[in-house]
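Here is the structure we will look at.
Taken together, the values in this text are just the output of simple stated rules run on the coordinates, not laboratory data. It should be emphasised that the depicted structure is a prediction, and the values quoted were computed from it without experimental measurement. Quick reminder, even Gly has a Cβ in these numbers, built from the backbone with ideal geometry, and neighbours come from all protein chains shown.
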Amino acid sequence: MSIWVQTLRSGSSGNAVLVGCGTTTVLVDCGVTAKRTMNALLDAHVAMPGGLSAAVITHNHGDHCHPAALAVLQERDVPVFSGSQVYRHVRGQMKFREKPLRTHKLEAGEGAGMGVGELKIECVEVEHSANTQTMAYRFTAVGGATLVYATDLCEERPIRKWLVDSDLVVLEANHCPRLLQLFPNYASRFHLSNPKAGLALAEARKERAASGRGPWRAVVLAHLSEKRNTPELATGAIGSAFEKAGLTVDFPLVVAPRYEVGERIESVGGAARREAPVRVEVFGRQLELGFS
């Protein structure tokens with residue numbers, strides 16, 4: 001069975017990503033800052049009657065875990081899974097609401113994980129900012145197709161094996177070092193730069209080739225800085241890293257939009273099927289919410 005991914009929002013303005021398989025759909029992060037927008041996105045992109053099966057949260061920064069989006073999950077009775085720090089944070093934020101939010105702690109590490117419908121979900125702790133427990137996730141569909149999701153990390157070592165083994169990859173490419181020099185930002189040191197993302201992917205691609213594996217079905221570059229990056233700089237850095245390693249970018253390389261819904265990318269029969277979003281009107285505004 002195939003696995004698919006679709007970014008609803010990506011970047012420091014808010015993060016929300018859907019991962020699915022069969023009748024199972026999981027939300028990764030809930031950083032959308034308005035309930036109306038969160039409801040509209042879920043209504044447009046989560047198929048019924050199954051609805052949203054669960055949500056997982058990477059860490060407790062507001063662009064990944066926002067009270068407005070949490071309230072939507074609470075109202076829809078969606079179970080929320082996370083590491084222990086986010087678990088405590090979310091329970092503290094939502095404890096005064098009439099309807100309890102169903103929260104669950106996830107254990108990180110080899111052999112840990114849980115099943116949600118047709119997906120197995122595993123997490124591993126990655127280094128981000130000080131005192132912030134941050135998780136990367138791997139999703140495995142019935143039949144074995146896999147997807148790794150990793151943003152907000154300083155380096156890729158904890159997920160290196162996952163990068164090598166996965167079919168689809170969502171990886172942070174946050175900033176261009178030259179633009180960071182022009183527009184300094186202390187917090188950028190806690191994020192994966194374009195060159196680091198390129199090096200991580202090039203090394204993983206070499207390992208895949210050495211083990212006889214082909215290219216990824218697709219790689220999505222996520223969490224780009226609005227001021228210190230562009231899609232062209234991010235994809236160019238990946239291409240440069242591959243060229244230096246004597247490799248070619250032999251897979252679809254996609255950049256997640258910041259404010260719009262991205263393509264739905266599905267691994268099907270050895271290739272990635274991509275569906276482009278179309279614009280619809282929601283609350284009087286034109287938004288990219290639906291699909292043809």
Q) GNM on the chain, C-alpha springs below 10 Å: top fluctuator among Thr146, Thr24, Thr132? A) Thr132
(Q) Would you report the distance distribution of C-alpha pairs in the range 1-54 as whole percents per 5 angstrom bin, up to the bin with the largest distance? (A) 5, 20, 32, 26, 12, 5, 1
Q: Provide Arg228, Arg160, Arg178 in ascending order of the number of other Cβ atoms located within 10 Å of each residue's Cβ, fewest first.
A: Arg178, Arg160, Arg228
Q: Can you grab the distance from the C-alpha centre of the range 182-249 to the C-alpha centre of the range 1-68, Å, no decimals?
A: 24
Q | Residue-span extension gain [Glu207 to Arg102] - 0.36 nm each, minus C-alpha spacing | A | 33.8 nm
Q) With a 10 Å Cβ neighbour count serving as the proxy for reagent exposure, in which order, fewest first, do Glu266, Glu232 appear? A) Glu232, Glu266
Q) Amide H to amide H under 5 Å from Val268: which residues, 5+ apart in sequence or cross-chain, H placed 1.01 Å off N in plane? A) Arg273
Q | Whole-percent pair-distance distribution, where bins are 5 Å wide, for the alpha carbons of the chain | A | 1, 6, 13, 17, 20, 18, 14, 8, 3, 1, 0, 0
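Based on the Cα atoms of the range 135-274, what semi-axes does the equivalent ellipsoid have, where each is the square root of 5 times one gyration tensor eigenvalue, given in whole Å with the largest first?
Details: eigenvalues 117, 53, 40 Å².
Semi-axes from the Cα gyration tensor: 24, 16, 14 Å.
Taking the number of other C-beta atoms within 10 Å as the exposure measure, put Cys154, Cys123 in order starting with the fewest. Don't skip to the end; give the middle numbers.
Numbers: Cys154 16, Cys123 23.
Ranked by crowding around the Cβ, least crowded first: Cys154, Cys123.
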Q: Quick one: angle between helix 35-45 and the longest Cα principal axis of the chain, in degrees between 0 and 90, rounded to 10, please.
A: 70
